[in-house]
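Quick notes on the structure that follows.
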There are 2 protein chains.
Amino acid sequence: MLQRLMVLATLGLAATIAAPAEDSLLSPAAAATAAALRDRVAAGSRASDWVKDLNDLAGPRLAGSPGDRAAVAVALEILKSQGFANVRAEKVIVPVWHRESESGEVTAPVAQKLYLTALGGSIATPAGGLEAEVIGVRSFDELDAKKDALRGKIVFYDVRTARTRDGSGYGTSAVYRGSGASRAAKYGAVGALIRSIGTDTDRLPHTGGMQYDKDQPKIPVAALSIPDADLVARLLERGKPVRIRYTLDCGDRPDAESANVIGEVPGRERPGEIMLLGAHLDSWDLGRGAIDDGAGCGIVIEAARQIAALKERPRRTIRVVLFANEENGLAGGKAYAAAHAEELARHVAALEADLGGGHAYGFSWNAGPGAQATFKQIAALLGPIDGATLTEGDYGGADISRMIAGGVPLLGLLNDASTYFDIHHTANDTFDKIVPKDLDQATAAAAVIAWSLAEAPASVERIPAARRKLPW
Amino acid sequence: MLQRLMVLATLGLAATIAAPAEDSLLSPAAAATAAALRDRVAAGSRASDWVKDLNDLAGPRLAGSPGDRAAVAVALEILKSQGFANVRAEKVIVPVWHRESESGEVTAPVAQKLYLTALGGSIATPAGGLEAEVIGVRSFDELDAKKDALRGKIVFYDVRTARTRDGSGYGTSAVYRGSGASRAAKYGAVGALIRSIGTDTDRLPHTGGMQYDKDQPKIPVAALSIPDADLVARLLERGKPVRIRYTLDCGDRPDAESANVIGEVPGRERPGEIMLLGAHLDSWDLGRGAIDDGAGCGIVIEAARQIAALKERPRRTIRVVLFANEENGLAGGKAYAAAHAEELARHVAALEADLGGGHAYGFSWNAGPGAQATFKQIAALLGPIDGATLTEGDYGGADISRMIAGGVPLLGLLNDASTYFDIHHTANDTFDKIVPKDLDQATAAAAVIAWSLAEAPASVERIPAARRKLPW
């Protein structure tokens, strides 16, 4: 075994690019190490502790906020205290959006307080609020059909988010959050409201990023909590005109400095080759970022820490990157890909954990076809912890997606997201939502994936040159 | 059968007082009618519609508020539109407490926003807020043990509420809400906070009534949401002094006018004898009073409506009473008992529905021992809808409890309260929390109980004279 490893080692970088698939498979001994790692971590880890520290000591950490600065300090402290190497904060300039206050109410045909929250990126309303009649629509098609009735009105997008294990319900409805305001403004609407992109029934609205179309007037946009969306929908059904007033004090501020926080477990043979474990350090401002993405931070920190605790460090370096500003700008992911552009060729893969702290039922992969055999082997290793689902495609996660330019194989941890969108982007994103045994299992999965790719004789086939572009 | 009924009818009032137990049993034919009523209502009713109307058209309805006035109008409209007789609003003078705004934050050792809400009855803080170090206690015993450390501090009562089917967990913890402020003030504390009296994990604090001890200084008191209570508890565990600032703008206002809303289904033989179905019309101000006590209103309105829809009205009158001001004063219950003092002798029983809209697994009763056989017969009728649990004792419900002075048998509908205290007294008390099939089943139970007691040949034995006092 040792001999074979030595031979491969002498092949150097060439092996990482053109190796046949079988060379990136784990030996039986290595697979046994991975299995032991899996079982040890799944039986109990400190992943929850790192989430708790971020939740308690930093709390909400929207890019450029005091909480964001606190989070950088907390993350650096965790990585240093846990013995990571090359711990550093790599500067990132981030956009800043801030929320001061927000309120809303139905003013006709009855008076009812509404729980709502500005979408991230929204402009403010006039100080006294914006009041108009509400027109409800359930799709962009319905919006288009009602276009002549929207001038001076508030458009209410009443679109439900389906509960799914893979989070696909979010993809379907979140487009209304992203572009609903500008599409309504195009027809003369003065405001826009959406049913929260969520699957709960709490009076806690879901914020999230929105983008203005530069060719349309900017109008203030907010999300109603699900029960409040229900109320407005029922009042509309009752047939009398419904009027709403809402007041948002929020908006953009000058860019600020934040950081990608990085720590490493240096490889024993090829320290210049990187297996990247990523999550994002920032969060929306309403909750404490426990599941989004404290959970991911806990998973990747702990996975690397558990790998470092093995008798022998893996062949390649494990690099943990806690990205800045995923939520409203992706400045951290962009900055990392740019600053490390030349090094991307030596990133053997990147795995992102940004789908909460639920049980990891598998992972997605996007790489060259020759990589499939390795991922199948890793998935099989995750079978005993019910994590063997393998899906091909996607881009791993927003933060790592920009590394596609370098052909870096992109992996995404597939946490069970059945309840994720009950909490996501709300004030309810707090530490109590972490289920330690699920987080430990997800951490075990991430550890096995990272260790396997850091240890395999050859690295897996990279994303072919023809596919090294994001479709958006 | 008819002959027997006629004989009993001629006995008049005497029969309602001293009848042997067997005379208050239902005949087989009457029991069959009750069973048919049960099955029809449980299969589907309009109970949810009445809750929806109160939720949507009145919303929050704290005594004396605009929503309270709206609720009186909505309730009158429902009763009139559904053909009730003698529909009326009986004037009640209610205390008024109002909430304008509230906020709070941890200021040391970290900065964290807190979701909190003033307890009903609390005084305001100074306009700029109240800030002090926090001392955590888990019981009054611990408070007493720490009494020398409380001067100038904020006491935080960190007492958990147990999830139970019968709601007994609430009884154990709510005492800290009621008297925690004054007991802390006695030792020089300047403020008090409690862990919300609730079983959820939402950032939605639970309000509820508190009372000041007239011999102690009044200090402002608020409830932290459960996740925020968790955070404060964890920060205290970390060992550094924890400081909190909170600002409450709230307080008492002059008394106002509200009303008990009443409607009847007149009895066919003894219209002067009353079977009372009660719930409370008011609610706390944070939610829309769907489960507390819109559900109870829906149950009793619909139970009576379904009884009225039978081929034949029952022997006695069914009187629906939607009480004012249960939450912060009980003025409605007191006013009813006073205004109807002379009529209480002709109230054959009162049943209150004030434990949410969950499945009714039975009912409690408080009456003379001779009544037990009748209640057992009624409970058996509820067996097929899983509602046969019979518990002896208690006072039926806060609103009807004052009728004990008249010896009125007091019954309480036992809804499954397992999830009730997730929602109770929070902003989350909204219509979506109503499960129509459970509400229908509970309505069926209330209808059977009310119809049976209104129809039985003789009324059940009343509460003996020696027990006609409340223990508080």
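The values are calculated or read from the model by the stated rules, or taken from the named source; none is laboratory data. Owing to the predicted nature of the structure, the values given are computational and were not obtained by experimental measurement. In this analysis, Cβ positions are derived from the backbone assuming ideal geometry, glycine residues included, and neighbour counts consider all displayed protein chains. Just the protein is used for accessible areas: all its heavy atoms, side chains included, with ligands, DNA and RNA removed. Shrake-Rupley method; radii C 1.70, N 1.55, O 1.52, S 1.80 Å.
Before moving on, here are some points about what is shown:
- Selection status of B:Thr247, within 14 Å of chain A (Cβ to nearest Cβ), touching a strand residue (DSSP E or B) at 6+ places or on another chain (Cβ under 7 Å) and open to solvent by less than 10 Å² (accessible area, probe 1.4 Å): no
- Filtering the stretch B:388-412 to residues that are among the aliphatic types (A, V, I, L, M), touching a strand residue (DSSP E or B) at 6+ places or on another chain (Cβ under 7 Å) and open to solvent by 10 Å² or more (accessible area, probe 1.4 Å) leaves B:Ala388, B:Leu390.
- Criterion (at negative phi, surrounded by 21 or more Cβ atoms within 10 Å (Cβ to Cβ) and out of contact with any helix residue (DSSP H, G or I) (no Cβ under 8 Å at 6 or more places or on another chain)) met by exactly one of A:Ala350, A:Ala367, A:Ala360, A:Ala331: A:Ala331
- Residues in the stretch B:283-319 that are surrounded by 24 or more Cβ atoms within 10 Å (Cβ to Cβ), acidic (Asp, Glu) and out of contact with any strand residue (DSSP E or B) (no Cβ under 7 Å at 6 or more places or on another chain) were compared, and the one that is farthest from B:Glu343 (Cα to Cα) is B:Asp292.
- Put simply, of B:Ala63, B:Ala89, B:Ala70 the only residue that is closer than 22 Å to B:Ala308 by Cα and among the hydrophobic types (A, V, I, L, M, F, W, C) is B:Ala89.
- Qualifying residue in the stretch A:91-103 (condition: farther than 30 Å from A:Arg69 by Cβ and within 35 Å of the chain's Cα centre (by Cα)): no
- Long-range neighbours under 9 Å by Cβ, at least six apart or interchain, first residue free of Cβ contacts under 8 Å to residues at least 40 places away in the same chain and over 28 Å from A:Ser258 (Cα atoms) within the stretch A:304-322, second open to solvent by 10 Å² or more (accessible area, probe 1.4 Å) and not charged (D, E, K, R): A:Lys311/A:Thr33
- Considering residues of the stretch B:416-433 that are within 12 Å of chain A (Cβ to nearest Cβ) and open to solvent by 10 Å² or more (accessible area, probe 1.4 Å) only, the residue nearest to A:Lys113 (Cα to Cα): B:Phe431
- Taken together, A:Arg151, A:Arg88, A:Arg165, A:Arg160 contain a single residue that is closer than 25 Å to A:Arg234 by Cα, charged (D, E, K, R), under 29 Å from the mean Cα position of the chain (by Cα) and open to solvent by 50 Å² or more (accessible area, probe 1.4 Å), which is A:Arg160.
- In the stretch A:93-104, the residues that are surrounded by fewer than 23 Cβ atoms within 10 Å (Cβ to Cβ) and aliphatic (A, V, I, L, M): A:Ile93, A:Val96
- Flag if A:Gly121 is among the small types (Gly, Ala, Ser) and in contact with a strand residue (DSSP E or B) (Cβ under 8 Å, 6 or more places away or on another chain): yes
- Residues being within 30 Å of A:Gly64 (Cα to Cα), within 14 Å of chain B (Cβ to nearest Cβ) and open to solvent by 40 Å² or more (accessible area, probe 1.4 Å) - total across the stretch A:105-148: 1
- Residues in the stretch A:179-231 that are more than 14 Å from chain B (Cβ to nearest Cβ) and among the β-branched types (Val, Ile, Thr) were compared, and the one that is surrounded by the fewest Cβ atoms within 10 Å (Cβ to Cβ) is A:Val190.
- If you go through the stretch A:25-77 and keep only what is charged (D, E, K, R), open to solvent by less than 30 Å² (accessible area, probe 1.4 Å) and either under 20 Å from A:Leu286 (Cα atoms) or within 12 Å of chain B (Cβ to nearest Cβ) (or both), you end up with A:Asp56, A:Arg61, A:Asp68.
- Segments classed as strands (runs of 3 or more DSSP E), wholly inside the stretch A:54-166, with at least 2 members that are touching a Ser or Thr at 6+ places or on another chain (Cβ under 9 Å): A:85-108, A:112-114, A:116-118, A:130-137
- Listed by position, the helices (runs of 4 or more DSSP H) contained in the stretch B:388-472 that have at least 3 residues being out of contact with any Cys (no Cβ under 8 Å at 6 or more places or on another chain) and under 24 Å from B:Ala304 (Cα atoms) are B:398-401, B:436-455.
- Considering residues of the stretch A:251-261 that are touching a Lys or Arg at 6+ places or on another chain (Cβ under 8 Å) and buried (at least 23 other Cβ atoms within 10 Å of the Cβ) only, the residue nearest to A:Leu62 (Cα to Cα): A:Ser258
- The set of residues in the stretch A:265-294 being over 20 Å from A:Lys334 (Cα atoms) and more than 14 Å from every other protein chain (Cβ to nearest Cβ) consists of A:Val265, A:Pro266, A:Gly267, A:Arg268, A:Glu269, A:Arg270, A:Pro271, A:Gly272, A:Glu273.
Residue by residue, here is whether (1) at pLDDT below 95; (2) closer than 15 Å to B:Ala398 by Cβ; (3) not charged (D, E, K, R) holds:
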residue	(1), (2), (3)
B:Ser258	no, no, yes
B:Glu273	no, no, no
B:Asp282	no, yes, no
B:Ala290	no, no, yes
B:Ile299	no, no, yes
B:Glu302	no, no, no
B:Arg305	no, no, no
B:Arg319	no, no, no
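- Residue check, B:Thr391 more than 14 Å from chain A (Cβ to nearest Cβ) and farther than 24 Å from B:Ala324 by Cα: yes
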